């Protein structure tokens, strides 16, 4: 199964402690959409949520990828452009924080992150965007 963008089900919101994910200032993240959304791949037990943003030029975005219960953080500068296929999101100055017990799976995690970011797209519009990221 691939990542899909959807509202987080009420039953998940009731039992999962999303406040353990921190935003850029170290405070518990707050959802910026109503209803709260995520990008989820249930078969691989993974989901991606946006945990914050900041700055002007370039504009930084902060994400948390939860993979099989392990927290992986990603920060990148959003650079928007167009090519012959449509809109392109390039993630400049990417930073990826992987727990020590998952470091051996880095290549797999990078692929998973790219898939999740493609599904996330820009402002929850994945269909018209491709993602470029070098980690």
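The numbers here are math on the coordinates, done by the rules we state, and not lab data. From a predicted model like this one, the values you see are computed outputs, not experimental measurements. Glycine gets a Cβ as well: all are built from the backbone with ideal geometry, and neighbour counts include every protein chain shown.
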On the first, second and third principal axes, largest extent first, how far apart are the outermost C-alpha atoms of the chain in Å?
44, 36, 34
With 10 angstrom as the radius, rank 33, 90 by how many other C-beta atoms surround their C-beta, starting from the fewest.
33, 90
Per-residue ellipticity at 222 nm for the chain, helices alone: DSSP H runs ≥ 4 residues times -39500 (n - 2.57), over residue total, nearest 500 deg cm²/dmol?
-4500 deg cm²/dmol
Packing-based exposure ordering (other Cβ within 10 Å, fewest first) of 41, 10, 17:
17, 10, 41
Build a GNM of the chain with springs between Cα atoms under 10 Å: which of 111, 12, 103 gets the top mean-square fluctuation?
12
Percent antiparallel among DSSP beta bridges with both residues in the chain, to the nearest 5?
90
Rounded to the nearest 10 degrees, the helix 106-120 long axis (Cα) sits at an angle to the longest Cα principal axis of the chain of 80
Assuming 0.36 nm per residue, please report the length gained on full extension of the stretch residue 81 to residue 27 beyond their Cα-Cα distance.
16.3 nm
Residue order, fewest to most surrounding Cβ atoms within 10 angstrom, among 42, 106:
42, 106
Anyone know which of 76, 23, 54 comes out most mobile in the 10 Å Cα GNM of the chain?
54
Quick one: compute the contact order of the chain, relative version, from alpha carbon pairs under 8 angstrom and 6+ residues apart, as a percent.
19
